[in-house]
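All remarks here apply to the structure that follows.
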Amino acid sequence: MLLSVDNLSVSRGGKSLFEGLNFTVSSGQFVSINGGNGVGKTTLLRSIAGLQPIDKGKIVVHADNFIFAGDANGVKTALTVLENLRFWSAIFGGNNLHEALEKFHLRKLKNRFAGKLSAGQKRRLSLARLLLSDRPIWLLDEPTVSLDKRSMQQFSKILKNHLEAGGAAVVATHIDLGLTLSSLSINLEDYQMKNGNINESAKAFL
């Protein structure tokens, strides 16, 4: 088991988002986090990554076992594509620069400044960092935003290869990535609390 979420309750801005969430993630498993806007998909991923406090429950995951890619691309616009990849390579210790350039179709763009890239190219560059880490769990927030159909298909293939190699992924997404093998779908709307429910810590300010 790579990740365990036990009886999790999380709030944002004092308003409870969901409660009683339980799931585990093992090697080779894909978990799709679904639900409408504002139900807490991003908040859940940030909680797993240790960036968001939780109200109740327990998350068990080793800090060196995951990489988190949020909705922001996180690219350095003043650096070239290759310089961005080298920066991430130095952080994560990965040396798969050639693979990252090839699989995300960035080789012809490697000397272009990231600030000059299109939205889709920036997203591909952002996702390329995944191949520069040796982390088994990928925590991804809407990874296919701005990608065209061809790039989406390529990303699905890369994600499938990661799972087949023993990795795992927890992905907040509105689309079907075609990963049915060893998959789990979680709709956070099934764990929502009643409208207007305020968590205990927020009541002190009322």
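Every read-out reported here was derived from the displayed coordinates using simple, explicitly stated rules and does not represent laboratory data. The structure displayed is predicted, hence computed values, not measured ones. Methodologically, a virtual Cβ is constructed for each residue, glycine included, from the backbone with ideal geometry; neighbour enumeration extends over all protein chains shown.
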Pairs on different chains or at least eight residues apart, Cα atoms closer than 21 Å: how many lysine pairs in region 18-119 fit?
8
Could you point to the label whose value was computed as Rg/Rh (Cα atoms, Kirkwood Rh) for the structure here, given (i) 0.97; (ii) 0.93; (iii) 1.00?
(iii)
Pair F23, D6: separation of 7 Å Cα→Cβ label points (nm)
1.9
How far apart, in nanometres, would the label points at A72 and A119 be if each is projected 7 angstrom from Cα along the Cα-to-Cβ direction?
1.8
For G28, what charge total do you get from the other residues with a beta carbon under 13 Å from its beta carbon, if Lys and Arg give +1 and Asp and Glu give -1?
0
Run through the DSSP bridge list for the chain and note the antiparallel percent, rounded to the nearest 5.
40
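Among residues other than D6 whose Cβ falls under 11 Å from its Cβ, what is the net charge (Lys/Arg +1, Asp/Glu -1)? Intermediate results must be reported in sequence, preceding the final value.
Details: positive: K56, K58; negative: none.
For residues surrounding D6, the net value is +2.
Placing +1 at every Lys and Arg Cβ and -1 at every Asp and Glu Cβ, with all other atoms neutral, what dipole size does the chain have around its Cα centre, in debye to the nearest 20? The partial results should precede the final answer.
Numbers: 25 positive and 17 negative charges, 184 e Å.
Result for the chain is approximately 880 debye, rounded to the nearest 20.
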Would you kindly state how much longer the chain becomes between V60 and L79 on full extension, computed as 0.36 nm times their sequence separation minus their alpha carbon distance, in nm to one decimal?
3.2 nm
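How much length, in nm to one decimal, is gained on full extension between M152 and T180, taken as 0.36 nm per residue of separation minus their Cα-Cα distance? Show your work: numbers first, answer last.
Numbers: separation 28, 0.36 × 28 = 10.08 nm, distance 1.61 nm.
So the extension gain works out to 8.5 nm.
Ranked highest first by average number of other Cβ atoms within 10 Å, how do 36-46, 18-28, 120-130 line up?
Working: 36-46: 18.8, 18-28: 16.4, 120-130: 23.2.
The peptides rank, most packed first, as 120-130, 36-46, 18-28.
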